[in-house]
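Remarks on the structure that follows.
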Amino acid sequence: MTTVSAYAATSATEPLTRTTVTRRPVGPHDVAFDIHFAGICHSDIHTVRAEWGSVKYPIVPGHEIAGVVTEVGSEVTKYQVGDRVGVGCFVDSCRECPECRAGNEQYCTGGGMVGTYNGVGRDGEPTQGGYSGAIVVDESYVLRIPENIGLDEAAPLLCAGITTYSPLRHWGAGPGTSVAVIGLGGLGHLAVKLAVAMGAEVTVLSQSLKKMEDGLRLGARDYRATSDRNTFRELAGSFDLIINTVSANLNLADYLKLLKLDGTLVELGMPENPMAVPAGALIFGRRSIAGSLIGGIRETQEMLDFCAEHDVRPEIEVVAPEYVNEAYERVLASDVRYRFVIDTSSLR
């Protein structure tokens with residue numbers, strides 16, 4: 001066992017504090033690596049504050065993890081010491097169900113994926129995440145970070161990047177398609193960059209125009225305020241695909257009418273209240289509403305390679321570990337453009 005420094009929450013109401021956690025010995029198929037950067041995801045905050053169900057405290061959050069390999073198990077074939085690697089939202093799954101075999105481990109039906117934190121590993125111990133100095137993960141759940149992506153930039157791609165890449169790929173964003181992105185935050189800004197890189201024509205739908213300059217700089221062709229009712233009249237029937245990156249309860253009838261025939265609206269966030277989907281908005285236009293959850297290991301590697309090839313990078317603000325509680329408050333206040341990343345050097 002190895003002891004490493006970390007930042008953990010001890011309850012839903014207390015701030016995160018510095019502590020230590022133990023990492024398991026490196027097994028035959030394990031990769032150990034020093035964590036250099038860990039992204040802060042809004043779902044870290046939801047989990048820490050027990051807003052998504054029970055939590056195994058103390059908990060070390062963080063599922064956007066990038067670092068450098070320090071040790072590999074005797075039977076590891078994919079990685080070696082010195083490799084630049086990352087870990088995303090899960091560190092294991094059943095490996096046997098149809099979903100796992102198809103590379104869709106995030107939808108594992110053989111017990112569910114094992115979360116990078118707030119899960120239980122095969123050893124029966126709670127999993128602890130990336131706000132720490134090092135981690136040990138089975139090689140099958142480790143990603144290779146391309147050389148031309150900085151480790152600080154790579155970290156948010158391992159959740160925010162794949163969360164937006166997967167639905168864009170699945171629903172065919174590309175040349176000749178029109179994509180709308182609802183919200184320009186941590187997910188939304190990457191959805192814009194990725195859709196543009198895929199060749200789609202992109203429009204941002206935001207409550208106001210205060211981030212319009214950013215949206216156009218990121219590659220959007222249009223930027224509209226949803227607080228203006230003219231937006232819904234003028235853009236009716238305009239989009240093949242709408243990616244909703246916000247968790248607010250929206251009037252879905254308004255947004256569904258923005259879709260073309262056979263268009264799809266994909267939900268990435270989880271609103272507090274159940275969604276009301278008007279049947280007429282679906283029937284008249286053969287429209288669909290769908291959901292998408294991160295991506296499998298194979299697709300996440302594909303996403304990293306795509307970002308390297310097309311120069312897609314998140315917009316980040318790097319902070320020290322002791323700033324994490326202030327960063328949480330700023331995330332809740334939408335006061336970050338567009339992703340906090342923790343420099344974990346002081347924890348190594």
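The values are calculated or read from the model by the stated rules, or taken from the named source; none is laboratory data. Being a predicted model, the structure only gives us computed values, none of them experimental. Glycine also receives a Cβ, built like all others from the backbone with ideal geometry; neighbour counts cover every protein chain displayed. All accessible areas refer to the heavy atoms of the entire protein, side chains included, with ligands and DNA or RNA removed. Shrake-Rupley method; radii C 1.70, N 1.55, O 1.52, S 1.80 Å.
Here are the numbers for the structure shown:
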{"quantity": "Where GLU96 falls short, out of the listed (1) within 24 Å of CYS108 (Cα to Cα); (2) in contact (Cβ under 8 Å) with a residue 24 or more places away in the chain; (3) over 16 Å from the mean Cα position of the chain (by Cα)", "calculated": "(2)"}
{"quantity": "Flag if GLY112 is farther than 24 Å from LEU332 by Cβ, part of a loop (DSSP other than H, G, I, E, B), open to solvent by less than 30 Å² (accessible area, probe 1.4 Å) and out of contact with any helix residue (DSSP H, G or I) (no Cβ under 9 Å at 6 or more places or on another chain)", "calculated": "yes"}
{"quantity": "Residues that are farther than 13 Å from SER292 by Cβ, open to solvent by less than 10 Å² (accessible area, probe 1.4 Å), small (Gly, Ala, Ser) and assigned to a helix (DSSP H, G or I), drawn from the stretch 162-197", "calculated": "GLY188, ALA195"}
{"quantity": "Yes/no for SER54 being at negative phi, over 18 Å from the mean Cα position of the chain (by Cα) and modelled with pLDDT of 95 or more", "calculated": "no"}
{"quantity": "Some residue of the stretch 68-76 being of a type in the set (Asp, Glu), in a strand (DSSP E or B), touching a residue at least 40 places away in the same chain (Cβ under 8 Å) and under 30 Å from ASN325 (Cα atoms)", "calculated": "no"}
{"quantity": "Pick from the stretch 57-71, criterion surrounded by fewer than 22 Cβ atoms within 10 Å (Cβ to Cβ) and within 22 Å of LEU143 (Cβ to Cβ), ranking: nearest to the chain's Cα centre (by Cα)", "calculated": "VAL68"}
{"quantity": "The stretch 121-158: number of residues that are open to solvent by 10 Å² or more (accessible area, probe 1.4 Å), among the hydrophobic types (A, V, I, L, M, F, W, C) and either in contact with an Asp or Glu (Cβ under 8 Å, 6 or more places away or on another chain) or modelled with pLDDT under 95 (or both)", "calculated": "2"}
{"quantity": "Sole exception among (1) more than 19 Å from LEU347 (Cα to Cα); (2) open to solvent by 40 Å² or more (accessible area, probe 1.4 Å) for GLY27, by number", "calculated": "(2)"}
{"quantity": "Given (1) surrounded by 20 or more Cβ atoms within 10 Å (Cβ to Cβ); (2) under 26 Å from TRP52 (Cβ atoms), index of the condition ALA220 fails", "calculated": "(2)"}
{"quantity": "Leading residue by the ranking (nearest to ILE45 (Cα to Cα)) among those in the stretch 312-325 that are surrounded by fewer than 20 Cβ atoms within 10 Å (Cβ to Cβ) and either touching a Pro at 6+ places or on another chain (Cβ under 8 Å) or in contact (Cβ under 8 Å) with a residue 24 or more places away in the chain (or both)", "calculated": "ASN325"}
{"quantity": "Of all residues in the stretch 253-299 being of a type in the set (Asp, Glu) and in a helix (DSSP H, G or I), the one that is modelled with the highest pLDDT", "calculated": "GLU299"}
{"quantity": "Leading residue by the ranking (nearest to SER292 (Cα to Cα)) among those in the stretch 223-249 that are buried (at least 22 other Cβ atoms within 10 Å of the Cβ) and among the hydrophobic types (A, V, I, L, M, F, W, C)", "calculated": "ILE243"}
{"quantity": "Every residue from the stretch 198-239 that is closer than 18 Å to THR177 by Cα, out of contact with any helix residue (DSSP H, G or I) (no Cβ under 6 Å at 6 or more places or on another chain) and either assigned to a strand (DSSP E or B) or at pLDDT below 95 (or both)", "calculated": "GLU201, THR203, LEU205, ASP222, PHE239"}
{"quantity": "Odd one out for ILE45, checked against (1) open to solvent by less than 20 Å² (accessible area, probe 1.4 Å); (2) in a strand (DSSP E or B); (3) among the hydrophobic types (A, V, I, L, M, F, W, C)", "calculated": "(2)"}
{"quantity": "Residues (farther than 14 Å from HIS170 by Cα, in contact (Cβ under 8 Å) with a residue 40 or more places away in the chain and under 22 Å from the mean Cα position of the chain (by Cα)) located in the stretch 271-297", "calculated": "ILE297"}
{"quantity": "From VAL69, VAL48, residue being in contact with a Pro (Cβ under 8 Å, 6 or more places away or on another chain) and β-branched (Val, Ile, Thr)", "calculated": "VAL48"}
{"quantity": "Residues located in the stretch 99-109, provided they are open to solvent by less than 20 Å² (accessible area, probe 1.4 Å), part of a loop (DSSP other than H, G, I, E, B) and in contact (Cβ under 8 Å) with a residue 40 or more places away in the chain", "calculated": "GLY103"}
